[in-house]
Amino acid sequence: MVLIGVVLIGMVELVYNIITTSITIGTMESLTVMIQDVATFFIFLEIILMLLKYLKDIHHVPVKYLIIISITAIAREILLAHGDALRMIFLALAILILMGVVYLIQKLNLLSDDDL
């Protein structure tokens, strides 16, 4: 519960930063800061969802949630990094691999549910 509170405080701070940045937006740098804050907000949101799932499922976190948070963090890095094409390709490849893992996990879960 403490971790959820800390993440919620971080989310409130990000929302405040997004609102103040959008009001006074004037340069490309302030737009970049706002994009960083929005992307970080989505990562915090997914962490909150994972923690709620953890509490709901009697202290069990599915690996799928951790992978989705990783995909969001990599997507954030792609949004914010500029110029290095090879790095972008590797990051996109990492997202593709992680999506494949999520797909396999879902297929394996469907197979195991059919056996029950």
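Brief remarks on what is shown
- For the chain, the longest principal axis of the Cα atoms and the long axis of helix 28-56 meet at an angle of about 30 degrees.
- Helix 2-23 axis, angle to the chain major axis (alpha carbon atoms, nearest 10°): 40
- For the residues Leu66, Leu104, Leu52, a GNM of the chain with alpha-carbon springs under 10 Å puts the largest fluctuation on Leu104.
- Charged side chains reduced to their Cβ positions (Lys and Arg at +1, Asp and Glu at -1) give the chain a dipole of some 20 debye around its Cα centre.
- Projected onto planes of every orientation and averaged, the convex hull of the alpha-carbon atoms in the chain covers 9.0 nm².
- FRET efficiency, 1/(1 + (r/R0)^6) with R0 22 Å, evaluated for Leu45 and Tyr103 via beta carbons: 0.45
- With the helix formula -39500 (n - 2.57) applied to DSSP H stretches of n ≥ 4, the chain reaches a computed 222 nm mean residue ellipticity of -30500 deg cm²/dmol.
We did not get these values from a lab; they are worked out from the coordinates using the rules stated. None of the values given here were measured: they were computed from a predicted structure. With ideal geometry, Cβ positions are generated from the backbone for all residues, glycine too; neighbour counts draw on all protein chains shown.
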